[in-house]
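Read the structure below first, then the notes.
Readers should treat all values here as calculations from the given coordinates under stated rules, not as data from a laboratory. Keep in mind that this is a model prediction, so the values were computed, not measured. Neighbour counts are summed over all protein chains in view; Cβ atoms, including those assigned to glycine, are modelled from backbone coordinates with ideal geometry.
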C-alpha cells in the first residue's frame, strides 16, 4: 500500500481516511475503540473528526467524537501512529462558532483537551466565515503552528475563489498556507468539486480528502429505493439521491461489482482514488465487514472501461 503526500507537507498518509463523525453517534465508545484498533492495525493512519461531532444527536453537545478519540489515544498509546485531523468553525451553541482569532484560540484548546494530545496534525476551517477577515483567521493559525499546537491547516466547504483569496493573503503576509481541502465529492455529487475546486487543487498542489465519499451510504447499494432508507440515521440525506441519475449510478455500480466481485462501496471509493486530485476519501465503518470493504478499495484498480461506465452513468 503506497502512502500519499498530503499537499506540500511532510505528512505521509495512507490513501483512506476513517471518518470520526460516527463516534458518539452510531457507535458508542467501546465499538469505536474496536474499529479504531482494527483500522490502525491494518496499516492505516489517517483519522478525521470535528469539534461539532455529534452535536446533532439529542442530548449531545458536540465534542463527543473528539472525546472518544482522546480516550482511545490514552488507552491504546497509538497517538504517534495517527495523522489526526479535526475542524473548527461550525456552530457549537452559545455563540461558539466562526473563524475569529479569539474563537479559534478557545476552540483549539478545547479540542486538544478532549483529544488528550498536545498537537493536531491537520486543523481545518469547517466552513467559511465571511464575517471574519481572512488575514485574522490566518494569523490565528500561523500562531498555532508556531506554537507547535498545529502542524498543517486546511479548509472544508470553501469555494474555489475563496481558497485562492486565502492563499494570496497567506503569501502576501507570509502566513501559514492552507494545504488541504475537504470537499463533498462522490460519484453522485461531482459538479461543484470538479468545476470549482479541482482546478484550484491542481493549480496549487493541494491535498484533497473527500467527505460524503459514499453519499451517506447511498453508493454502497444498501438502500434499494427511497422507502428502504426510511428510518435510517441518514434518511434525510439519502432520499435525495433516488432520482433518475442516482438509479443510473447504482446500475453502473452493480455492473462493475459483478465484474470485479467487489462491493459497491469498494468500487465507489476506488473511483475516487482514481481521480487525479484526490489524496484520500473519508469513509466510516461500524463493523469489521464494512471496514474490510473500505480497505479493499485501496488495492482495487478499476479498468479504463469500468471508469468510463461509472463516469457516463454519473455525468452531469
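Beta bridges per DSSP, both residues in segment 4-182: antiparallel share near 10 percent.
Springs join every pair of Cα atoms under 10 Å in this Gaussian network model of the chain, and among 186, 21, 174 the largest mean-square fluctuation is at 174.
Helix 288-299 axis versus longest C-alpha principal axis of the chain: approximately 90°, rounded to the nearest ten.
Looking at the square roots a ≥ b ≥ c of the eigenvalues of the Cα gyration tensor of segment 1-111, which shape do they give, rounded for a/c under 1.5, prolate if a/b is larger than b/c, or oblate?
Working: a/c = 2.20, a/b = 1.32, b/c = 1.67.
Because a/c hits 1.5 or more and a/b fails to exceed b/c, segment 1-111 counts as oblate.
Structural size metrics of the chain, computed from C-alpha coordinates, are Rg and Dmax of 18.9, 54 Å. Using a simple spin-label model with pseudo-atoms 7 Å out from Cα toward Cβ, residue 301 and residue 113 lie 5.0 nm apart. Quotient of the Cα radius of gyration of segment 158-224 and 2.2 N^0.38 Å, N being its number of residues: 1.33.
Relative to the dominant Cα principal axis of the chain, helix 304-313 is inclined by about 80°.
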